[in-house]
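Novice: The structure's right below; bear with me while I get my questions together.
The values are calculated or read from the model by the stated rules, or taken from the named source; none is laboratory data. It should be emphasised that the depicted structure is a prediction, and the values quoted were computed from it without experimental measurement. All Cβ positions, even for glycine, are placed from backbone atoms using ideal geometry, and neighbour counts span all protein chains on display. For accessibility, only protein heavy atoms count, side chains too; no ligands or nucleic acids. Shrake-Rupley method; radii C 1.70, N 1.55, O 1.52, S 1.80 Å.
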Amino acid sequence: PNRRSYGERIEEALDRARRGALPIALMYLDVDHFKQVNDTLGHAAGDAVLHEFAQRVKAAVRTTDTVCRLAGDEFTVILEGLKSAEEAALVAAKILQAFERPMVLEQGDWKVSTSIGLAYSGSADIAAESLGAAADAALYNAKKEGRGRYALKQVD
């Protein structure tokens with residue numbers, strides 16, 4: 001799913017969270033140093049990295065979670081039905097683990113990592129924009145702390 005689908009899906013997820021008074025979490029992810037992949041290996045390799053990146057993220061989350069590509073190397077994951085921020089953090093750690101092995105490209109093996117901004121709200125009454133802003137701020141913190149990691153921001 002793309003940016004437009006993301007907008008629809010986050011609103012639907014927030015509606016379900018409000019109806020059930022359930023927590024919700026949102027992750028913003030990007031490919032660390034993606035420009036270097038394109039500049040060094042070419043855009044075809046960059047496309048292959050994006051495809052493999054999406055596959056690894058999808059394989060690391062539950063089938064009920066929603067993975068979307070916003071643009072370029074930016075992705076989101078919408079997590080519903082969580083019991084705690086710690087449970088959301090476990091999902092982020094599982095995604096990071098999915099990038100421990102290098103990607104096999106035509107040009108050879110290439111190590112790719114991701115930075116993750118994780119926003120968790122225990123309150124069902126949060127706007128998509130607020131949750132997104134928190135995930136974006138957490139992503140900035142993960143990058144500032146050295147990339148290849150996640151940062152958690154709780155919002156209520």
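Novice: Just for region 128-145: of the residues that are open to solvent by less than 60 Å² (accessible area, probe 1.4 Å) and in contact (Cβ under 8 Å) with a residue 40 or more places away in the chain, which one is nearest to PRO23 (Cα to Cα)?
Specialist: LEU131
Novice: Residues in region 128-156 that are assigned to a helix (DSSP H, G or I) and either over 14 Å from ILE24 (Cβ atoms) or among the charged types (D, E, K, R) (or both): how many?
Specialist: Residues flagged as assigned to a helix (DSSP H, G or I) and either over 14 Å from ILE24 (Cβ atoms) or among the charged types (D, E, K, R) (or both) within region 128-156 amount to 11.
Novice: For ALA25, indicate whether it is farther than 30 Å from TRP110 by Cβ and small (Gly, Ala, Ser).
Specialist: no
Novice: Looking only at region 43-53, filter to residues that are open to solvent by 20 Å² or more (accessible area, probe 1.4 Å) and among the small types (Gly, Ala, Ser); which one of those is farthest from ILE116 (Cα to Cα)?
Specialist: Filtering region 43-53 for residues that are open to solvent by 20 Å² or more (accessible area, probe 1.4 Å) and among the small types (Gly, Ala, Ser), the one farthest from ILE116 (Cα to Cα) comes out as ALA44.
Novice: Sticking with this one: If you check THR66, THR40, THR76, which single one turns out to be among the polar types (S, T, N, Q), exposed (fewer than 13 other Cβ atoms within 10 Å of the Cβ) and either more than 19 Å from ALA151 (Cβ to Cβ) or at pLDDT 95 or above (or both)?
Specialist: None of the other options fit; the residue is THR40.
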